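> Here it is: the structure, laid out below.
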Amino acid sequence: MSTAAPGGPPVGPAEGWIDSHCHLQDAYRAADLGVVDAVAEARAAGVGGLVCVGTDAATSLEALALVAALRSSGAFGAWATVGLHPHEAAAGVTEVSAVLDTALAEHPGRVVAVGECGLDYHYDHASRAAQRDVFAAQIAKAHEHRLTLVVHSREAWDDTVDVLRQEGVPARTVFHCFTGGLDEARRCLDLGAYLSFSGIVTFKNASDVRAAVAHCPLERILVETDAPFLAPVPYRGQQNRPAWVAEVGRAVASLKGLEPQDFMEISRSVTLAAFALV
């Protein structure tokens, strides 16, 4: 991979926007978008890094492999997470925990978070009891390894907050793809958590999420794509990609009354802190 962005200066690791949550694994990525092309496109858009998120043992292993490949280029910041999505809670955490422990022992610094994990009561693909148990177990792993916790919460705010309080909120906790409004933002911020906003902030019907952005302190805001999901306007309806985190960033900057470049620098700094990235 070239270290220079087409039409612009070189973008080094973690310079520019950081997509704090995306899925570039084969199971998620558009068939016509290769990893090399996705990264070149992101670099050209001013994106300098990404966090590739695991949702089960297989996708966590693939995230680790992708990060190794991207780091070998020396031109892009890349980090992985290992976790079990609430949709997969019926599988239990044994296999994911083994992947995490092995990766931390063999590749220190490559894994920066546990997750995504949490509760999803919209689809209920797994029983709510199983979701809560698996969520609690992954919170424990974040504590054990002093890693960031990446939380998925959909239509489950009360139980998400209750489980976190019962297990103890990790020092670095990120509510990814924040979909709540002002009240939910206050509750999460009161826990000491970061809020990560996706392309939803650009949707016409997302005034509640924009209210959360307006309320959230700059030092607690991250931006993400959640690619391949939730492409921002003007790309809504297409499969999302890390390059478009710049569109999310510009939307958040506008809501905060900032120039995009200024917010990009703030966002990068907050993301580095939220994941203790190196």
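> Taking the criterion of being of a type outside the set (Gly, Ala, Ser), part of a strand (DSSP E or B), within 29 Å of His145 (Cβ to Cβ) and in contact with a Lys or Arg (Cβ under 8 Å, 6 or more places away or on another chain), would at least one residue in region 162-169 satisfy it?
Restricting attention to region 162-169, the residues satisfying the condition of being of a type outside the set (Gly, Ala, Ser) are 162-167, 169.
Restricting the remaining residues to those that are part of a strand (DSSP E or B) gives none.
Among the residues of region 162-169, not one is of a type outside the set (Gly, Ala, Ser), part of a strand (DSSP E or B), within 29 Å of His145 (Cβ to Cβ) and in contact with a Lys or Arg (Cβ under 8 Å, 6 or more places away or on another chain), which makes the answer no.
> I'd like the full set of residues that are farther than 25 Å from Leu191 by Cβ and of a type in the set (A, V, I, L, M, F, W, C), limited to region 208-228.
Filtering region 208-228 for residues farther than 25 Å from Leu191 by Cβ gives 227-228.
Across region 208-228, the qualifying residue is only Ala227.
> Test Gly199 against the stated conditions and say whether it is of a type outside the set (Ser, Thr, Tyr), within 16 Å of the chain's Cα centre (by Cα) and more than 25 Å from Thr94 (Cβ to Cβ). Spell out how you get there, then give the answer.
Working: of a type outside the set (Ser, Thr, Tyr): yes; within 16 Å of the chain's Cα centre (by Cα): yes; more than 25 Å from Thr94 (Cβ to Cβ): yes.
Criteria met by Gly199.
> Mind checking which residues of region 245-278 are touching a Leu at 6+ places or on another chain (Cβ under 7 Å) and either without any contact (Cβ under 8 Å) to a residue 40 or more places away in the chain or in a helix (DSSP H, G or I) (or both)?
Filtering region 245-278 down to residues touching a Leu at 6+ places or on another chain (Cβ under 7 Å) leaves 256, 266-267, 270-271, 274.
If the condition is that a residue be touching a Leu at 6+ places or on another chain (Cβ under 7 Å) and either without any contact (Cβ under 8 Å) to a residue 40 or more places away in the chain or in a helix (DSSP H, G or I) (or both), then Ile266, Ser267, Val270, Thr271, Ala274 are the ones that fit.
One line per residue, one yes/no per condition, for (1) aromatic (Phe, Trp, Tyr); (2) in contact with a Pro (Cβ under 8 Å, 6 or more places away or on another chain); (3) closer than 24 Å to Arg29 by Cβ; (4) buried (at least 18 other Cβ atoms within 10 Å of the Cβ):
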{"site": "Ser196", "(1), (2), (3), (4)": "no, no, yes, yes"}
{"site": "Lys204", "(1), (2), (3), (4)": "no, no, no, no"}
{"site": "Val209", "(1), (2), (3), (4)": "no, no, no, yes"}
{"site": "Val223", "(1), (2), (3), (4)": "no, no, yes, yes"}
{"site": "Tyr235", "(1), (2), (3), (4)": "yes, no, yes, no"}
{"site": "Trp244", "(1), (2), (3), (4)": "yes, yes, yes, yes"}
{"site": "Glu247", "(1), (2), (3), (4)": "no, yes, yes, yes"}
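> While we're looking at this one, here's another question. Residue check: is Arg186 basic (Lys, Arg) and either in contact with a Cys (Cβ under 9 Å, 6 or more places away or on another chain) or crowded, with 18+ Cβ neighbours inside 10 Å (or both)? Show your work before the answer.
Details: basic (Lys, Arg): yes; either in contact with a Cys (Cβ under 9 Å, 6 or more places away or on another chain) or crowded, with 18+ Cβ neighbours inside 10 Å (or both): no.
Judged against the criteria, Arg186 is not a match.
> What residue, of Gly237, Gly181, Gly192, Gly257, is more than 18 Å from the chain's Cα centre (by Cα), closer than 24 Å to Gln131 by Cα and small (Gly, Ala, Ser)? Steps first, answer last, please.
On the way: Gly237 fails: closer than 24 Å to Gln131 by Cα; Gly192 fails: more than 18 Å from the chain's Cα centre (by Cα); Gly257 fails: closer than 24 Å to Gln131 by Cα.
None of the others qualify; the one that does is Gly181.
> Could you look through region 171-184, keep only residues that are assigned to a loop (DSSP other than H, G, I, E, B) and free of Cβ contacts under 8 Å to residues at least 40 places away in the same chain, and pick out the one that is nearest to Ala274 (Cα to Cα)? Outline the logic, then answer.
Keep residues of region 171-184 that are assigned to a loop (DSSP other than H, G, I, E, B), which gives 171-172, 176-181.
With free of Cβ contacts under 8 Å to residues at least 40 places away in the same chain added as a condition, the list becomes 171, 178-181.
On the way: Ala171: 9, Phe178: 15, Thr179: 19, Gly180: 20, Gly181: 21 Å.
Within region 171-184, the match that is nearest to Ala274 (Cα to Cα) is Ala171.
> Right, here's the next one. Could you check, for region 118-127, whether at least one of its residues is closer than 19 Å to Ala274 by Cα and outside any strand (DSSP E or B)? Quick ask: steps written out before the conclusion?
The initial filter retains those residues of region 118-127 that are closer than 19 Å to Ala274 by Cα, namely 118.
Restricting the remaining residues to those that are outside any strand (DSSP E or B) gives none.
No, region 118-127 has no match at all.
> Can you confirm whether region 26-37 contains a residue that is over 16 Å from Ala113 (Cα atoms), surrounded by 19 or more Cβ atoms within 10 Å (Cβ to Cβ), over 17 Å from the mean Cα position of the chain (by Cα) and not basic (Lys, Arg)?
no
> Any idea how many residues of region 79-96 are surrounded by 20 or more Cβ atoms within 10 Å (Cβ to Cβ) and either without any contact (Cβ under 8 Å) to a residue 60 or more places away in the chain or farther than 23 Å from Val36 by Cα (or both)?
Residues of region 79-96 surrounded by 20 or more Cβ atoms within 10 Å (Cβ to Cβ): 79-86, 88-89, 93, 96.
Filter once more, so that each one left must be either without any contact (Cβ under 8 Å) to a residue 60 or more places away in the chain or farther than 23 Å from Val36 by Cα (or both): 80, 82-86, 88-89, 93, 96.
The total comes to 10.
> Could you tell me which of the residues Pro242, Pro232 is out of contact with any His (no Cβ under 9 Å at 6 or more places or on another chain), of a type outside the set (Ser, Thr, Tyr) and touching a residue at least 60 places away in the same chain (Cβ under 8 Å)?
Values: Pro232 fails: touching a residue at least 60 places away in the same chain (Cβ under 8 Å).
Step by step, each of Pro242, Pro232 is checked, and only Pro242 is out of contact with any His (no Cβ under 9 Å at 6 or more places or on another chain), of a type outside the set (Ser, Thr, Tyr) and touching a residue at least 60 places away in the same chain (Cβ under 8 Å).
> Then there is this: Take the conditions within 18 Å of the chain's Cα centre (by Cα), surrounded by fewer than 24 Cβ atoms within 10 Å (Cβ to Cβ), free of Cβ contacts under 8 Å to residues at least 60 places away in the same chain and closer than 20 Å to Gly92 by Cα and apply them to Asp120. Does it pass? Even if it seems obvious, please write down each step before you answer.
On the way: within 18 Å of the chain's Cα centre (by Cα): yes; surrounded by fewer than 24 Cβ atoms within 10 Å (Cβ to Cβ): yes; free of Cβ contacts under 8 Å to residues at least 60 places away in the same chain: yes; closer than 20 Å to Gly92 by Cα: yes.
Taking the combined requirement at face value, the residue satisfies it.
> When you go through Ala142, Ala136, Ala126, Ala156 one by one, which is the residue that is surrounded by fewer than 19 Cβ atoms within 10 Å (Cβ to Cβ) and either within 21 Å of His21 (Cβ to Cβ) or not acidic (Asp, Glu) (or both)?
Numbers: Ala142 fails: surrounded by fewer than 19 Cβ atoms within 10 Å (Cβ to Cβ); Ala126 fails: surrounded by fewer than 19 Cβ atoms within 10 Å (Cβ to Cβ); Ala156 fails: surrounded by fewer than 19 Cβ atoms within 10 Å (Cβ to Cβ).
Among Ala142, Ala136, Ala126, Ala156, only Ala136 is surrounded by fewer than 19 Cβ atoms within 10 Å (Cβ to Cβ) and either within 21 Å of His21 (Cβ to Cβ) or not acidic (Asp, Glu) (or both).
Read-outs: derived from the displayed coordinates by stated rules, not from any lab. Because the structure is predicted, anything quoted here is derived from the model rather than measured. Quick reminder, even Gly has a Cβ in these numbers, built from the backbone with ideal geometry, and neighbours come from all protein chains shown.
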